[in-house]
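Each value in this text was obtained by applying a stated rule to the coordinates, not by laboratory testing. All values reported here derive from a predicted model rather than from experimental measurement. Cβ placement follows ideal geometry from the backbone for every residue including glycine, while neighbour counts extend to all protein chains displayed.
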Amino acid sequence: MTQSHPIPRDIVSAFAPTGRLRASINLGNPILANKDAAGQPVGVSIDLARAFAERLGVACELVVFDTAGKSVDAVKAEQADIGFFAIDPLRGEGIRFTAPYVLIEGAYLVRDDSPLKDNAEVDQPGRSVMVGKGSAYDLYLTRELKAATILRAPSSPAVVDAFLAENAEVAAGVKQQLEADAARLGGLRLLPGRFMVIQQAMGTPASRGEAAQAALADFVETMKASGFVGQALKRHGIQGAAVAPARGA
């Protein structure tokens, strides 16, 4: 992953004030990051973090969290230099996002014997929807659901177990995670289609400046156009996600 011209020293310093690029990694979204058999973080976001560190000419340090909310907070507090987040208005304060690099479907899961057949039937009085606390789905559904009650699990991977334990009617989250949980537990099904599309982007603290933000945005566009993102999704066996279109497309 070389570049035809070096990144200016002031931009390198903006991204790596400690001499290393600290990348905030969220293990709560298996499409972006997971652990391998040895317990080490792997995934598309890790590949992008290391490629960007290489482009800057610095070492990459992974700062790993189990939820999106913690990962966001680390970047806002400048305990990390970059992060990988779903674009959401509530997260914009203090963070500057690139255009998305991956699009992820959000889906609903119910028990096999649930009367629900369609996404439009979820937002009704008396229904309860379990989401991962602070996830993009939580932020979105908090705005969009007018009648149903939202319940919150500690993290996105814990949603289905909490949904069962608390006898909620619907679980909401990453389609791939819900499909895996349904296969693992049995007696569960996804409602057809999706209720939202999450735009996953890279972000950096706003304080790093416009030039740094532009450099990160250009990096993301290059990684999409070169096939890097698509190859990473394939290499990690990721389904249910698509490479986002070019900026402005």
* Asked: How far is it, in nm, from the label point at K234 to the one at E61 when both lie 7 Å from their Cα along the line to the Cβ?
  -> 3.5
* Asked: If you line up the long axis of helix 175-185 against the longest principal axis of the chain, both from Cα atoms, how many degrees apart are they, to the nearest 10?
  -> 50
* Positive-end residue of T18, S135, P125, charge dipole of the chain with Cβ unit charges -> T18
* Structure fact -> Only helices counted: for the chain, with every DSSP H run of 4 or more residues adding -39500 (n - 2.57) and the sum spread over all residues, [θ] at 222 nm is -9500 deg cm²/dmol
* If we count other beta carbons within 10 Å of each Cβ, what is the order of M223, M130, M196, fewest first? -> M196, M223, M130
* Asked: Per-residue HN-Hα couplings for segment 43-60, Karplus 6.51 cos²θ - 1.76 cosθ + 1.60 at θ = phi - 60°, whole Hz, x for Gly and Pro?
  -> x, 4, 5, 5, 4, 5, 4, 5, 5, 6, 4, 4, 5, 6, x, 10, 6, 9
* Return V174, V220, V42 ranked ascending by Cβ neighbour count within 10 Å, so the fewest neighbours appear first. => V42, V220, V174
* Prolate/oblate/rounded call for segment 104-196, Cα gyration tensor, a/c under 1.5 rounded -> rounded
* Asked: When only alpha-carbon atoms count, how far does the chain stretch along each of its three principal axes, as whole angstroms with the largest first?
  -> 59, 36, 34
* **In range of the label at A77: residues from segment 132-156 whose backbone nitrogen is under 17 Å from the point 7 Å along Cα→Cβ** => 134
* To do: Give the calculated FRET efficiency between T18 and A165 to the nearest 0.05, with a Förster radius of 30 Å applied to their Cβ-Cβ distance.
  => 0.15
* Asked: Of all DSSP beta bridges in segment 23-182, what percent run antiparallel (nearest 5)?
  -> 30
* How many angstrom lie between the C-alpha centres of segment 172-249 and segment 55-126? -> 9
* **Contour excess over end-to-end distance, with Cα ends at Q124 and A37 and 0.36 nm allotted per residue** => 27.1 nm
* **Length gained when the stretch R143-T222 is fully extended (0.36 nm per residue, less Cα-Cα span)** => 25.1 nm
* **Scaled radius of gyration (Cα, divided by 2.2 N^0.38 Å) that segment 16-153 gives** => 1.22
